[in-house]
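*Asks:* Before I ask anything, here is the structure I am working with.
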Amino acid sequence: MDAENTFETVHLLLEDWAERFETPDPTRLEVYMKHVDDLVPAVVGLRVKKLGYLAAIVGLDPGADTEELEILYHFCTQDLMIILRFRVPKTDASVSSLCDIVPSAESFERELCEMYGITIVGLRNPGHLYLPDDWKEGVYPLRKGVDPRIAFQNN
Amino acid sequence: MEEIIERKPFEVTVGPQHPALKEPGNFQFTVDGEIVTNAAVRLGYAHRGIEKAAEERNWIQNIYLVERICGICSHIHATAYCLAVEHLANIQAPPRAQAIRVLVSELERIHSHLLWIGVAAHEAGFDTLFMYSWRDRETIMDILEKLTGNRVNYSTNLLGGVKIDVDGEHKTGILKGLDILEERTKHYLNIVTTDAFFLQRTRGVGTMTQRQAEVMGAVGPTARASGVARDVRIESPYGAYDEFRPNLIIEQAGDLEARFIVRVKELFESYRLVREILDRLPEGELSVRMPRRIKPAEYAMRVEAPRGELFYFVKSNGTDKPERVKVRTPTICNMTTVVKLVVGHQLADVPLILAGIDPCFSCNDRMVIVRDNRKIETIESRR
């Protein structure tokens, strides 16, 4: 399937859940999703249509003064990339786990969980993957304005 | 009177000081006699906070930072980063620089695969093969040192090009080295496919079907040994790979033997590519001018590291520092397969199954905690 057909299929599949689509590059399609609750059905749709494999999940903090975090799911097929973008509030950052549909998502989700403090609903093992066991609870090192050194104070 | 003994699962902890590998990782194996019934992995012992540190450094300093994520595939990390940043800045390295990047990438792949053959052979108890392959690997290390000035962190990349050139003397030295290595590699292919003792440790061991490899998200030679036809150099050519195209090396068996065969055959492919690049190296400049600040944008770059697909996400914010650098290394994808594949195998097969994915814990992890007189610091606080 070429880029035009692939992106057209994604458009048709996700148009009800998407706020807007952007093509910053002929090989990239960015889908700005309306609600984080639509993650699982959207990914099921991509899997059923065989529209790529999950290459990475990227967390983004737009800034210490902002109230939302972004989560980007990168799906790749040949030279094409489909990026699903979700926004979650920092105070109640939560997203469903993809492990039942994409087992390889587990390590990406555990990293997202400990680095950004995003609760992954349905994650079987939410324990630390990278950070030490005695890491201070509530310190999420990749959030903007967080100095990771405070995680060791009073330990 | 007959005593009834309750049979409880027995847990074997391996690591973090790993008895086989020179890098730290922790594995919990539940065993029933000699058979592994469950496995779990704990990473992070070499986590150095590089993604956070990258946000505090400028675009140029970060080349050297990401190059230090891994001591084996340092060049490909810097290449992925530079390609992503160049895309954000809307510039392109000249054709000669792109070809030199690919040349060093392939030389790096050769040294990485030869290193892996030695490590995996050692885990299989075949130390003669380990010593031969590491001796032969010195040929490629000498080539890399002569070409770049370093054996490990080559520092070949600049933003906008490369800082090294290839002259006639380099070309002669590389071609001479490749002739030696090609003969040796034929010998290795013969050994890994015919040696009866070696095959007892590899044939039918750690078998992963194509479906399992796809579901578990395996990448690189580990996936290609299970029939997954995926190689970023071919699927999505970057740098000069659209000019110098590799052939896909794929096996269907999915066992350890297939992983050996794929990597050894990839060595031949790398020799061919290096010769082709040296034969048709484009003339011209080595670099173009790069702006100091980059307007807000983001880009995700995929490259084929020796261990598989390496993913970089870079976001700029209009300053001379990145807003975000995300690194997803191939080992984290392949590690899932180890935890699943060891179940049902004898404990003695575990080291070789783990070595079969060519794990790199430094790539996986990115922060070390230094404990000094009860004062706990990060590497960052010591800068």
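*Asks:* Out of curiosity, is residue A:100 within 13 Å of chain B (Cβ to nearest Cβ) and either modelled with pLDDT under 95 or assigned to a loop (DSSP other than H, G, I, E, B) (or both)? Show your work before the answer.
*Replies:* Working: within 13 Å of chain B (Cβ to nearest Cβ): yes; either modelled with pLDDT under 95 or assigned to a loop (DSSP other than H, G, I, E, B) (or both): yes.
Spelling it out, residue A:100 is indeed within 13 Å of chain B (Cβ to nearest Cβ) and either modelled with pLDDT under 95 or assigned to a loop (DSSP other than H, G, I, E, B) (or both).
*Asks:* For residue B:175, state whether it is surrounded by 21 or more Cβ atoms within 10 Å (Cβ to Cβ) and modelled with pLDDT of 95 or more. Outline the logic, then answer.
*Replies:* Values: surrounded by 21 or more Cβ atoms within 10 Å (Cβ to Cβ): no; modelled with pLDDT of 95 or more: yes.
Criteria not met by residue B:175.
*Asks:* Restricting attention to the stretch B:276-286, which residues are assigned to a helix (DSSP H, G or I), surrounded by 17 or more Cβ atoms within 10 Å (Cβ to Cβ) and not β-branched (Val, Ile, Thr)? Please lay out each step first, then the result.
*Replies:* We begin by selecting, within the stretch B:276-286, every residue assigned to a helix (DSSP H, G or I); these are B:276-279.
Restricting the remaining residues to those that are surrounded by 17 or more Cβ atoms within 10 Å (Cβ to Cβ) gives B:276-278.
Correct list: B:276, B:278.
*Asks:* Name the residues in the stretch A:142-155 that are at the interface with chain B (Cβ under 8 Å from one of its Cβ atoms) and modelled with pLDDT of 85 or more, would you?
*Replies:* The answer is A:142, and nothing else.
*Asks:* Where residues in the stretch A:45-79 are under 15 Å from the mean Cα position of the chain (by Cα) and either of a type in the set (Ser, Thr, Tyr) or over 25 Å from residue A:110 (Cβ atoms) (or both), which of them is surrounded by the most Cβ atoms within 10 Å (Cβ to Cβ)?
*Replies:* Of everything passing the filter in the stretch A:45-79, A:73 is surrounded by the most Cβ atoms within 10 Å (Cβ to Cβ).
*Asks:* Can you name the number of the only condition in (1) touching a residue at least 24 places away in the same chain (Cβ under 8 Å); (2) in contact with a helix residue (DSSP H, G or I) (Cβ under 6 Å, 6 or more places away or on another chain); (3) over 17 Å from residue B:266 (Cβ atoms) that residue B:142 fails?
*Replies:* Against the list (1) touching a residue at least 24 places away in the same chain (Cβ under 8 Å); (2) in contact with a helix residue (DSSP H, G or I) (Cβ under 6 Å, 6 or more places away or on another chain); (3) over 17 Å from residue B:266 (Cβ atoms), residue B:142 comes up short only on (2).
*Asks:* Of (1) hydrophobic (A, V, I, L, M, F, W, C); (2) within 14 Å of chain A (Cβ to nearest Cβ); (3) surrounded by fewer than 23 Cβ atoms within 10 Å (Cβ to Cβ), residue B:290 satisfies all except one. Which?
*Replies:* Answer for residue B:290: the failing condition is (2).
*Asks:* Here's a follow-up. If you take the residues of the stretch B:213-241 that are without any contact (Cβ under 8 Å) to a residue 60 or more places away in the chain and within 13 Å of another protein chain (Cβ to nearest Cβ), which of them is surrounded by the most Cβ atoms within 10 Å (Cβ to Cβ)? Quick ask: steps written out before the conclusion?
*Replies:* We begin by selecting, within the stretch B:213-241, every residue without any contact (Cβ under 8 Å) to a residue 60 or more places away in the chain; these are B:214-215, B:224-229, B:234-235, B:237.
Checking the rest, the ones that are also within 13 Å of another protein chain (Cβ to nearest Cβ) come to B:214-215, B:228-229, B:234-235, B:237.
Details: B:214: 17, B:215: 17, B:228: 21, B:229: 11, B:234: 16, B:235: 17, B:237: 18.
Taking the candidates together, the pick is B:228.
*Asks:* Just to be sure I understand, how many residues within the stretch A:104-141 are in a loop (DSSP other than H, G, I, E, B), aromatic (Phe, Trp, Tyr) and either under 17 Å from the mean Cα position of the chain (by Cα) or at the interface with another protein chain (Cβ under 8 Å from one of its Cβ atoms) (or both)?
*Replies:* Selection size over the stretch A:104-141: 2.
*Asks:* Please go through (1) of a type in the set (A, V, I, L, M, F, W, C); (2) within 12 Å of the chain's Cα centre (by Cα); (3) part of a helix (DSSP H, G or I) for residue A:42 and return the number of the only condition it doesn't satisfy.
*Replies:* Evaluating residue A:42 over (1) of a type in the set (A, V, I, L, M, F, W, C); (2) within 12 Å of the chain's Cα centre (by Cα); (3) part of a helix (DSSP H, G or I) leaves (2) as the failure.
*Asks:* Under the condition of being within 14 Å of chain A (Cβ to nearest Cβ) and touching a Phe, Trp or Tyr at 6+ places or on another chain (Cβ under 6 Å), which residue from the stretch B:44-82 is modelled with the highest pLDDT? It would help to see each step written out before you state the result.
*Replies:* Looking only at the stretch B:44-82, we keep the residues that are within 14 Å of chain A (Cβ to nearest Cβ), and these are B:44-56, B:69, B:80.
Subsequent filtering for residues that are touching a Phe, Trp or Tyr at 6+ places or on another chain (Cβ under 6 Å) retains B:44, B:46-47, B:80.
Working: B:44: 76, B:46: 77, B:47: 80, B:80: 97.
Checked the stretch B:44-82; the qualifying residue modelled with the highest pLDDT is B:80.
*Asks:* Can you tell me which residue among A:54, A:131, A:72 is aliphatic (A, V, I, L, M), in contact with a Lys or Arg (Cβ under 8 Å, 6 or more places away or on another chain) and at negative phi? Walk me through how you get there before you give the answer.
*Replies:* On the way: A:54 fails: in contact with a Lys or Arg (Cβ under 8 Å, 6 or more places away or on another chain); A:131 fails: in contact with a Lys or Arg (Cβ under 8 Å, 6 or more places away or on another chain).
That would be A:72, the only listed residue that is aliphatic (A, V, I, L, M), in contact with a Lys or Arg (Cβ under 8 Å, 6 or more places away or on another chain) and at negative phi.
*Asks:* Among the candidates A:133, A:147, single out the residue that is free of Cβ contacts under 8 Å to residues at least 12 places away in the same chain and closer than 19 Å to residue B:50 by Cα. Working first, answer last.
*Replies:* On the way: A:133 fails: closer than 19 Å to residue B:50 by Cα.
Only one candidate qualifies: A:147.
*Asks:* Here's something else I'd like to know. Has the stretch B:252-262 got at least one residue that is within 14 Å of another protein chain (Cβ to nearest Cβ), more than 19 Å from the chain's Cα centre (by Cα) and among the charged types (D, E, K, R)? Steps first, answer last, please.
*Replies:* Looking only at the stretch B:252-262, we keep the residues that are within 14 Å of another protein chain (Cβ to nearest Cβ), and these are none.
No, the stretch B:252-262 contains no residue that is within 14 Å of another protein chain (Cβ to nearest Cβ), more than 19 Å from the chain's Cα centre (by Cα) and among the charged types (D, E, K, R).
*Asks:* Among residues belonging to the stretch A:18-44 that are hydrophobic (A, V, I, L, M, F, W, C) and more than 17 Å from residue A:108 (Cβ to Cβ), point out the one that is farthest from the other protein chains (Cβ to nearest Cβ).
*Replies:* Start the filter on the stretch A:18-44 by keeping residues that are hydrophobic (A, V, I, L, M, F, W, C), which leaves A:18, A:21, A:29, A:31, A:33, A:36, A:39-40, A:42-44.
In the following step, the residues that additionally are more than 17 Å from residue A:108 (Cβ to Cβ) were identified as A:18, A:21, A:29, A:31, A:33, A:44.
Working: A:18: 18, A:21: 16, A:29: 12, A:31: 14, A:33: 17, A:44: 15 Å.
The selected residue is A:18.
*Asks:* For the stretch B:17-25, indicate whether the set of residues that are within 14 Å of chain A (Cβ to nearest Cβ) and farther than 28 Å from residue B:247 by Cα is non-empty. If you could, list the steps in order and put the result at the bottom.
*Replies:* Taking the stretch B:17-25 first, the residues within 14 Å of chain A (Cβ to nearest Cβ) are B:24-25.
Among the residues that remain, those that are also farther than 28 Å from residue B:247 by Cα are: B:24-25.
Yes, the stretch B:17-25 has at least one match.
*Asks:* How many residues are part of a loop (DSSP other than H, G, I, E, B) and modelled with pLDDT under 90 when one looks only at the stretch A:74-97? Walk me through how you get there before you give the answer.
*Replies:* Keep residues of the stretch A:74-97 that are part of a loop (DSSP other than H, G, I, E, B), which gives A:78-79, A:93, A:97.
Checking the rest, the ones that are also modelled with pLDDT under 90 come to none.
So the count comes out to 0.
*Asks:* Considering each of B:355, B:300 in turn, give the residue that is modelled with pLDDT of 95 or more, of a type in the set (A, V, I, L, M, F, W, C) and in contact with a helix residue (DSSP H, G or I) (Cβ under 9 Å, 6 or more places away or on another chain). Let's see the steps before the verdict.
*Replies:* Working: B:355 fails: modelled with pLDDT of 95 or more.
None of the other options fit; the residue is B:300.
*Asks:* For the subset of the stretch B:28-41 comprising residues that are free of Cβ contacts under 8 Å to residues at least 24 places away in the same chain and in contact with a strand residue (DSSP E or B) (Cβ under 7 Å, 6 or more places away or on another chain), which member is nearest to the other protein chains (Cβ to nearest Cβ)?
*Replies:* B:28
The values are calculated or read from the model by the stated rules, or taken from the named source; none is laboratory data. Since we're looking at a predicted model, the values are computed, not measured. Counting neighbours? That spans all protein chains shown, and the Cβs are built from the backbone with ideal geometry, glycine included.
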